[in-house]
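The values are calculated or read from the model by the stated rules, or taken from the named source; none is laboratory data. On a predicted model such as this, the values are computed, not experimentally measured, just so you know. Don't worry about glycine lacking a Cβ; one is built from the backbone with ideal geometry, like all the others, and counts go over all protein chains shown.
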Amino acid sequence: MTGTIYEPGRGPGPAKPTEETLSRLLAEQSIGALATTNREGYPHLSTMAYTWDPAERVVRISSVVGRAKVLQVAREPRAALYVSTADHLAFAVAEGLGEVSPVSSVPGDETGRELLAMQPPFPDSADEALFLRNMVEDHRVVIRLRVSRLHGGGVDVPR
């Protein structure tokens, strides 16, 4: 988190990050905990790799048909992603409604291209083609969390 509200002699206190700071934290990290709701109404947490698109305010997660999180988002779209800094002194929570893409069924289809865009560029087009075939074979989907609320906090310590 940038900036400080630390007052010398008082010790660390609560940090109130701006939405810009929270969005930056989401962009800097790539692993978080996705919270969905199971059939019994309890929270279900999964550690997930994700990408954050701040312009669209969308978190994207690659998953496979039949996984609990996919089924849960399809049944109850309210979800949240929790992300923390490496030192765990600050965190961001992205809340919103999730949706599940169609299954990638043909190499290079819309879902496959969306999954491809979540990856670093491949140096060779043959690797890209293999990736797209693998997405079909794996029955991959994209979970999209359309973020309506960003909040977070942490401890403000002197840097």
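Quick rundown of the values:
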{"quantity": "Of all residues making up segment 111-153, the number that are at pLDDT below 95 and crowded, with 21+ Cβ neighbours inside 10 Å", "calculated": "1"}
{"quantity": "Residue within segment 113-128 that is of a type in the set (Lys, Arg), in contact (Cβ under 8 Å) with a residue 60 or more places away in the chain, in contact with a helix residue (DSSP H, G or I) (Cβ under 9 Å, 6 or more places away or on another chain) and not in a loop (DSSP other than H, G, I, E, B) present", "calculated": "no"}
{"quantity": "Qualifying positions in segment 42-66 - acidic (Asp, Glu) and either more than 17 Å from Leu97 (Cα to Cα) or surrounded by 15 or more Cβ atoms within 10 Å (Cβ to Cβ) (or both)", "calculated": "Asp53"}
{"quantity": "When residues of segment 23-41 are limited to those that are among the hydrophobic types (A, V, I, L, M, F, W, C) and over 9 Å from Val83 (Cβ atoms), the one surrounded by the most Cβ atoms within 10 Å (Cβ to Cβ)", "calculated": "Leu34"}
{"quantity": "Residue, nearest to the chain's Cα centre (by Cα), within segment 1-22, restricted to residues that are part of a strand (DSSP E or B) and either surrounded by fewer than 16 Cβ atoms within 10 Å (Cβ to Cβ) or modelled with pLDDT of 95 or more (or both)", "calculated": "Pro14"}
{"quantity": "Hits in segment 85-112 (condition: within 19 Å of Lys16 (Cβ to Cβ) and in contact (Cβ under 8 Å) with a residue 24 or more places away in the chain)", "calculated": "Thr85, Leu89, Ala90, Phe91, Ala92, Val93, Ala94, Glu95"}
{"quantity": "Qualifying residue in segment 49-66 (condition: within 24 Å of Gly154 (Cα to Cα), free of Cβ contacts under 8 Å to residues at least 40 places away in the same chain and of a type in the set (S, T, N, Q))", "calculated": "no"}
{"quantity": "Flag if Ala74 is assigned to a helix (DSSP H, G or I), more than 13 Å from the chain's Cα centre (by Cα) and modelled with pLDDT of 95 or more", "calculated": "yes"}
{"quantity": "Residue list for segment 55-104, restricted to those being charged (D, E, K, R) and more than 22 Å from Leu116 (Cα to Cα)", "calculated": "Arg75, Glu76, Arg78, Asp87, Glu95"}
